[in-house]
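J.: Before anything else, here's the structure in question.
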Amino acid sequence: MRYISTRGQAPALSFEEVVLTGMASDGGLYVPETVPQLSHETLADMAGCSYAEIAFRVMQPYVGGEIDDDTFREIVRDAYATFSHDAVVPLNQLDANHFLLELFHGPTLAFKDVALQLLGRLLDHFLEKRGERAVIMGATSGDTGSAAIEGCRHCDNLDIFILHPHQRVSEVQRRQMTTVLADNVFNVAIEGNFDDAQAMVKASFADQGFLNGTRLVAVNSINWARIMAQIVYYVASAVALGAPHRKVSFCVPSANFGNVFAGYMAHRMGLPVERFVIATNANDILHRTLADNDFSKKELVATLAPSMDIVVSSNFERLLFEAYQRDGAAVAELLERFQDEPSALAEAPLARLRERFASHSIDDATILEVIREAHHRTQEILDPHTATGYRAAERERGDASVPMITLATAHPAKFADAVVKAGFPGVPLPPHMDDLLEREERYSVLPAELAAVQRFVADNRR
Ligand SMILES: *Cc1c(COP(=O)(O)O)cnc(C)c1O
């Protein structure tokens with residue numbers, strides 16, 4: 001399989017190169033040159049298979065023979081053995097045709113584990129094969145750092161440095177990162193805010209001289225392998241509810257658009273999907289674009305669903321590439337204009353998107369109301385991100401014969417603040433984490449100075 005850029009100018013790459021690369025040199029994102037097809041028969045044959053087996057079958061064509069089948073099967077099995085539920089991503093039936101797809105049974109209790117458990121192992125495999133080592137650097141406001149650390153802690157060829165703003169992440173979020181005591185994991189508390197931390201990571205990618213030639217890798221949501229890993233649970237959940245004989249719809253709490261784009265890929269591969277419902281919080285660029293063709297930036301709002309607090313949805317570019325029928329020049333022009341001024345999509349591409357996607361923006365007051373109401377009706381305590389999805393799904397319940405699957409992107413214990421605000425006493429951490437507050441921590445505090453951070457990384461990488 002070859003991968004091409006959404007802006008049409010960067011060279012095509014192999015799967016291995018795409019996993020190690022991140023953003024394309026023309027500023028675009030990599031997508032597969034062709035979409036592998038899952039036939040009716042192939043989908044029907046998945047009924048009753050384990051999650052790892054479905055994962056192998058769905059992803060194998062994207063790997064394109066660059067990892068032999070036995071090795072890839074083992075990598076996949078290993079990645080999903082870290083989940084605490086035998087089904088990996090169980091479905092939970094809320095009522096006659098509304099289901100929650102619980103994506104939060106991984107090591108850090110949020111759906112990003114699904115992708116990062118695989119990505120760490122893929123990186124390690126390719127680096128081992130090349131006889132290379134690499135450094136991962138990332139900044140986190142609390143949530144994604146821990147998923148990246150858990151994904152890399154067992155990777156011999158990787159050292160991971162995660163910067164978080166000192167004393168500005170919650171205790172649970174900090175401890176999810178700092179209690180991982182592996183030799184290749186380095187937590188750095190920056191005496192500054194998240195933007196300072198992120199700026200230093202960006203500057204380090206722009207000028208990598210301080211690493212004397214060691215490869216610097218990003219594991220952010222634009223990495224193709226993360227999308228690829230997320231395609232699997234759309235297929236697995238639809239098959240569990242009767243695909244390919246029966247259509248389903250999905251509702252996806254969305255921010256950077258990586259999650260719902262993976263669903264769209266599953267559909268393009270042949271999965272019968274009636275509709276995708278995009279749920280956003282008050283940071284609603286996706287909803288404004290789809291509903292009003294208002295493709296513009298708006299100031300960031302801090303909400304009760306902080307993992308969805310974004311200004312720009314980076315992976316939306318991948319869907320635009322399809323909506324513009326793979327016209328890289330048109331995508332490049334649209335996105336370059338969008339950087340500087342409010343923009344709008346052309347009519348035909350927008351109409352194509354509206355055929356398959358609906359959207360709703362859910363504000364904080366509604367999130368609290370939904371947490372209470374969903375508990376009253378179903379006994380489930382939703383996390384605030386999932387709550388946006390629950391409400392958006394309710395608004396879009398069309399044909400009662402089509403099951404609606406809402407993606408539960410985080411465990412409520414991870415965002416207990418919102419749950420407490422909704423009037424509940426709190427949510428206990430799951431059993432495998434209940435000693436988190438007693439575990440030993442390790443992290444270094446550094447000033448918000450680029451030179452100090454880069455020296456720390458250069459001195460500590462192995
Ligand atoms: C990252 C995240 C999201 C948003 O997913 P995208 O792929 O960025 O659209 C939603 N909920 C939770 C809990 C997350 O961590």
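The values are calculated or read from the model by the stated rules, or taken from the named source; none is laboratory data. Given the structure is predicted, the values throughout are model-derived calculations rather than measurements. Note: ideal-geometry Cβ built from the backbone for every residue, glycine included; neighbour counts use all protein chains shown. All accessible areas refer to the heavy atoms of the entire protein, side chains included, with ligands and DNA or RNA removed. Shrake-Rupley method; radii C 1.70, N 1.55, O 1.52, S 1.80 Å.
J.: Taking square-rooted eigenvalues a ≥ b ≥ c of the alpha carbon gyration tensor, is segment 311-462 rounded, prolate or oblate, where a/c under 1.5 means rounded and, failing that, a/b exceeding b/c means prolate?
T.: oblate
J.: Let me ask something additional. Place +1 on the Cβ of every Lys and Arg and -1 on the Cβ of every Asp and Glu in the chain, take the dipole about the Cα centre, and give the residue among I285, A422, H154 whose Cα lies farthest towards its positive end.
T.: Towards the positive end, the residue furthest out is I285.
J.: Sort segment 247-391 into rounded, prolate or oblate with this rule: let a ≥ b ≥ c be the square roots of the eigenvalues of the Cα gyration tensor; rounded if a/c is under 1.5, and if a/c is not under 1.5, prolate when a/b is larger than b/c, oblate otherwise.
T.: Cα axes put segment 247-391 in the oblate bin.
J.: How high is the relative contact order of segment 242-382, given as a whole-number percent (alpha carbon pairs under 8 Å, six or more residues apart)?
T.: 28 percent
J.: Putting +1 on Lys and Arg Cβ atoms and -1 on Asp and Glu Cβ atoms, find which of L334, A413, A346 reaches farthest to the positive end of the dipole of the chain.
T.: Farthest towards the positive pole: A346.
J.: Could you derive backbone 3J(HN,Hα) for segment 171-180 from the dihedral phi with the Karplus parameters 6.51, -1.76 and 1.60 (θ = phi - 60°), listing whole Hz in sequence and x where the residue is Gly or Pro?
T.: 4, 4, 5, 4, 5, 4, 8, 7, 8, 7
J.: Something else about it: Using the Cα centre as the reference, give the magnitude of the dipole from point charges on the C-beta atoms of segment 274-313 (Lys, Arg: +1; Asp, Glu: -1; all else neutral), rounded to the nearest 20 debye.
T.: That gives segment 274-313 a dipole magnitude of about 40 debye.
J.: Going toward the positive end of the dipole of segment 247-381, with +1 on Lys and Arg Cβ and -1 on Asp and Glu Cβ, which of H376, L320, H267 do you reach last?
T.: Value: H267.
J.: Right, here's the next one. Local charge sum around V172 (other residues, Cβ-Cβ under 11 Å, Lys/Arg +1, Asp/Glu -1)?
T.: Local charge sum for V172: 0.
J.: Compute and list, largest first, the equivalent-ellipsoid semi-axes of segment 1-103 from the alpha carbon gyration tensor, each √(5λ) rounded to a whole angstrom.
T.: The three semi-axes for segment 1-103 are 30, 17, 15 Å.
J.: Counting Lys and Arg as +1 and Asp and Glu as -1, what is the net charge of the other residues whose Cβ lies under 13 Å from the Cβ of A147?
T.: Around A147, the surrounding residues sum to +1.
J.: Taking the Cα centre of the chain as origin, work out the dipole magnitude from +1 charges on Lys and Arg Cβ and -1 charges on Asp and Glu Cβ, in debye rounded to 20.
T.: So the magnitude is around 360 debye.
J.: Continuing with this model, one more query. Once you keep just the Cα pairs under 8 angstrom separated by 6 or more residues, what percentage relative contact order results for the chain?
T.: Working: 887 pairs, mean separation 87.3, N = 462.
RCO, the chain: 19 percent.
J.: Would you please state the base-10 log of I(q)/I(0) at q = 0.26 1/Å for segment 293-358, with intensities from the Debye formula using one equal scatterer on every alpha carbon?
T.: Listed by q, the Debye log ratios stand at -1.22.
J.: Another one. Which value, in Å² rounded to 10, gives the accessible area of E191 with a 1.4 Å probe and all protein chains present?
T.: In the full protein context, E191 sits at about 110 Å².
J.: Which shape class, rounded, prolate or oblate, goes with the chain when its Cα gyration tensor gives a ≥ b ≥ c as root eigenvalues, a/c under 1.5 marks rounded, and past that a/b bigger than b/c marks prolate?
T.: Here the chain falls in the rounded category.
J.: Which of the aspartates and glutamates could a cross-linker bridge to K247, judged by Cα under 12 Å and excluding same-chain residues fewer than eight apart?
T.: E274, D399
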